[in-house]
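Okay, so here's the structure we're looking at.
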Amino acid sequence: MAYEEILQSDTLTNDQSNYLMGNNDEIRKTIDNYSTLAIQLGKETEKSQYTETQQNALKLTEYFKDLQGANKGQIVHSDTRNVLEKAQQLNKKWSTTMANTQITSIANDSWIELLMNLEKDTQSFLTENKIKSIEEFWLKRREIQ
């Protein structure tokens with residue numbers, strides 16, 4: 001909903017940026033908490049703790065943190081618009097997976113499935129967009145010529 005409001009109005013307020021920053025950080029924290037629990041319970045190995053999903057959620061958190069400025073409403077330029085559209089696509093995948101996963105207890109493996117499905121969502125997004133990280137949408141590539 002926040003993405004749609006921003007894209008329709010072509011402005012980004014500090015509150016909206018803060019909301020998106022917090023939203024992506026919550027995704028990162030959720031995955032981190034479940035990953036840590038999976039390792040502690042012996043269901044996963046330590047190398048599986050650092051996933052593409054966590055890394056991309058963190059990068060989005062940092063991106064929205066960087067967008068916070070002194071202005072009450074920043075005009076959304078084409079580069080920012082592109083990032084917002086891509087972030088919205090990725091967040092939609094994650095939200096759908098989280099909404100479709102009912103975790104009632106750590107005794108069943110629904111939370112492990114959630115981790116795996118979120119990672120599949122992230123990998124699918126990265127593959128569809130032919131990128132290694134969502135960060136590629138806002139970092140200018142420098143090539144040696």
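Of note:
- Annotation note: of 43, 29, 86, the sole residue that is basic (Lys, Arg) and under 21 Å from residue 138 (Cα atoms) is 86.
- Region 11-45: number of residues that are more than 20 Å from residue 123 (Cβ to Cβ) and free of Cβ contacts under 8 Å to residues at least 40 places away in the same chain: 12
- Any hit, region 111-125, residues being part of a helix (DSSP H, G or I) and within 24 Å of residue 77 (Cα to Cα): yes
- Of the listed requirements (1) open to solvent by less than 60 Å² (accessible area, probe 1.4 Å); (2) at pLDDT below 95, residue 118 misses just one: (2).
- Within region 6-33, the set of residues being buried (at least 19 other Cβ atoms within 10 Å of the Cβ), of a type outside the set (Val, Ile, Thr) and farther than 14 Å from residue 59 by Cα comprises 12, 16.
The values are calculated or read from the model by the stated rules, or taken from the named source; none is laboratory data. All figures in this text were calculated on a predicted structure; none of them were measured in a lab. Heads up, the Cβs are rebuilt from the backbone with ideal geometry, glycines too, and the neighbour counts pull from every protein chain shown. The accessibility values were calculated without ligands, DNA or RNA, using every heavy atom of the protein model including side chains. Shrake-Rupley method; radii C 1.70, N 1.55, O 1.52, S 1.80 Å.
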